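Notes follow once the structure below has been shown.
No value in this document is a laboratory result; all are computed from the given coordinates. Please read all numbers here as calculations on a predicted model, not as lab measurements.
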Amino acid sequence: MFAHFRKFCADEAGNSLPEYAILLGLILAVSVAILTGMGSSIKTIFTNVSTALASAAASSG
């Protein structure tokens, strides 16, 4: 019985699935954090561009 337990513990055949799941979760968490941080910056840039274009259109017309 003890030999079967040691063999089961030494077997690494099924270890890759949990490792890939953890890696995928970490990549997803980092991606969400980066996109969330960039979202407000991108919104600010587009707001500034929109305001500048509206101001240029109003002054040229």
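Between Glu19 and Val32, full extension at 0.36 nm per residue minus the direct alpha carbon distance yields a gain of 2.7 nm.
Summed over qualifying helices (DSSP H, 4 residues or more, each -39500 (n - 2.57)) and divided by its residue number, the chain shows a 222 nm mean residue ellipticity of -31500 deg cm²/dmol.
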